[in-house]
Ligand SMILES: NC(=O)c1ccc[n+]([C@@H]2O[C@H](COP(=O)([O-])OP(=O)(O)OC[C@H]3O[C@@H](n4cnc5c(N)ncnc54)[C@H](OP(=O)(O)O)[C@@H]3O)[C@@H](O)[C@H]2O)c1
């Protein structure tokens, strides 16, 4: 697969509310440091390389970038890198951010934000990105508590024009029901990929039935999570990759996209070659036989 000639349009499109995007996007979490995300004493990324990855992503047709104000290392902020690389922003670029438990100035995780603090986080994202509204804001949660109060606070910011569309992240089906009763939800961003939480499949289908995008994170990193991809993969994924002349990471991305037209990809990387490969994965068409093998691996929780 000739990565450099394939653009994000190959993956097809989806609408987040009124905002049309290519289904292959980009996650900004890996841009701010080399190695694991959120690590104490992380080595800051090379600024020029991070900026060039973002610009190359847009050149390759990526028009959906996932970010957060809490994506930072000691010397780099993902939002500020996005601002530096891409402002003035292309008209079709959709930037999705997330609010919820934030991080203090030294990087330590803080408890859940109160409704008042959520407004502050929205304003922080606006300042860092240099925008006067946010395209999509996910309420990211930890735990299983009701989200009504916090989601209601974001719905008021949406009514005030600071936010165009709302999503939710790290959530269960009951949270979607709760949120939909307050304001429209355009996306659910949850951990998902081959073998990762097969119990998410029913939720993924529910989202599709309701026209809500399902946006997996750690689709490549899998069990590696914050630490990132570990470099080895299962025999089944490697066999499918070999048959198509692509990488295991590309197979993992193509498989998530095969789960429904409402499933988006936001692969994260600070590596320009990986960026091009991830965009090219949108052109990979897995056969029925490939899907049977990978689906079975997934159901087994591999
Ligand atoms: N809502 C939430 O709670 C939440 C949680 C986590 C992440 N997210 C979002 O989801 C996005 C995706 O998650 P992610 O970035 O952790 O995971 P990912 O895309 O599943 O995997 C990233 C890892 O895979 C490597 N990688 C990427 N492309 C590759 C390729 N083509 N070949 C080989 N290795 C490759 C990266 O290393 P290199 O940098 O070396 O390529 C990194 O180690 C994040 O960027 C963030 O925007 C949201």
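Which percent, nearest 5, of DSSP beta bridges in segment 31-158 are antiparallel? All intermediate terms of the calculation are to be shown ahead of the outcome.
Details: 4 of 11 bridges.
Of the beta bridges lying entirely in segment 31-158, close to 35 percent run antiparallel.
Separation of segment 148-174 from segment 227-302 is 31 Å, based on Cα centroids. When the label point is put 7 Å from the Cα of residue 49 along its Cα-to-beta-carbon vector, which residues of segment 264-302 have a backbone N closer than 13 Å? Taking a point 7 Å out along Cα→Cβ of residue 49, the residues of segment 264-302 whose backbone N falls under 13 Å are 269-275. Listing 232, 52 from fewest to most neighbouring C-beta atoms within 10 Å gives 232, 52. Per-residue ellipticity at 222 nm from helix content only, as computed over the chain with -39500 (n - 2.57) for each DSSP H run of at least four residues, stands at -11000 deg cm²/dmol.
Residues considered: 182, 141, 65. Largest GNM mean-square fluctuation over the chain, using C-alpha springs under 10 Å, is found at 182. Between residue 75 and residue 209, the simple label model (points 7 Å from Cα in the Cβ direction) yields a spacing of 5.2 nm. Computed extension length for residue 273-residue 226: 14.9 nm, one decimal, from 0.36 nm per residue of separation with the Cα-Cα distance subtracted.
Multiply the residue separation of residue 181 and residue 40 by 0.36 nm, subtract the distance between their alpha-carbon atoms, and state the gained length in nm to one decimal. Please list the in-between numbers first.
Values: separation 141, 0.36 × 141 = 50.76 nm, distance 3.94 nm.
So the extension gain works out to 46.8 nm.
Diagonalise the Cα gyration tensor of the chain and give the resulting equivalent ellipsoid semi-axes, square root of 5 times each eigenvalue, largest first, whole Å.
Numbers: eigenvalues 159, 101, 67 Å².
Value: 28, 22, 18 Å, ordered largest first.
When each of the peptides 30-42, 285-297, 75-87 is scored by how many other beta carbons lie within 10 Å of its residues on average, the order from highest to lowest is 75-87, 30-42, 285-297.
Residues 274, 64 in ascending order of nearby Cβ atoms (within 10 Å, fewest first): 274, 64.
Take every DSSP beta bridge whose two residues both sit in segment 152-276; close to 10 percent of them are antiparallel.
Compared with the direct C-alpha span, the chain from residue 291 to residue 244 gains 15.6 nm at full extension, assuming 0.36 nm per residue.
Which residue, 181, 113, 277, has the most motion in a Gaussian network model of the chain that connects Cα atoms within less than 10 Å? Sorting by GNM fluctuation, first place goes to 181.
Of the beta bridges in the chain, as assigned by DSSP with both residues counted there, near 25 percent are antiparallel. How high is the FRET efficiency between residue 103 and residue 9 when r is their beta carbon distance and R₀ equals 30 Å, given to the nearest 0.05? Computed FRET efficiency for residue 103 and residue 9: 0.30. Neighbour counts of other Cβ atoms within 10 Å put 217, 70 in the fewest-to-most order 217, 70.
Using alpha-carbon pairs under 8 Å, 6+ residues apart, how would you state the relative contact order of segment 69-213 in percent?
It comes to 19 percent, rounded to a whole number.
Here the Gaussian network model covers the chain, with springs between Cα atoms less than 10 Å apart; of 261, 105, 74, 105 fluctuates the most. Apply the a/c threshold of 1.5 to the C-alpha gyration tensor of segment 14-60 and tell me whether it is rounded, prolate or oblate. Oblate is the answer for segment 14-60, as a/c is 1.5 or above yet b/c matches or exceeds a/b.
Measuring nothing but how far apart in sequence close Cα pairs (under 8 Å, 6+ apart) lie, relative to its length, the chain scores a relative contact order of 21 percent.
Would you work out the relative contact order for segment 180-267, in percent, from Cα pairs under 8 angstrom that are 6 or more residues apart?
Numbers: 117 pairs, mean separation 28.4, N = 88.
Result for segment 180-267 is 32 percent.
Packing-based ranking of 143-149, 190-196 yields 190-196, 143-149, ordered from highest to lowest mean Cβ neighbour count within 10 Å.
Note on segment 1-152: Cα Rg divided by 2.2 N^0.38 Å, N the number of residues, gives 1.07. Rounded to 0.05, the FRET efficiency of the residue 133 and residue 110 pair, given R0 = 25 Å and the Cβ-Cβ distance, is 0.50.
Every number in this text was worked out from the coordinates using simple rules, so none of it is lab data. Since the model is a prediction, treat every value here as computed from it, not as a measurement. Cβ atoms come from the backbone with ideal geometry, glycine included; neighbour counts cover every protein chain shown.
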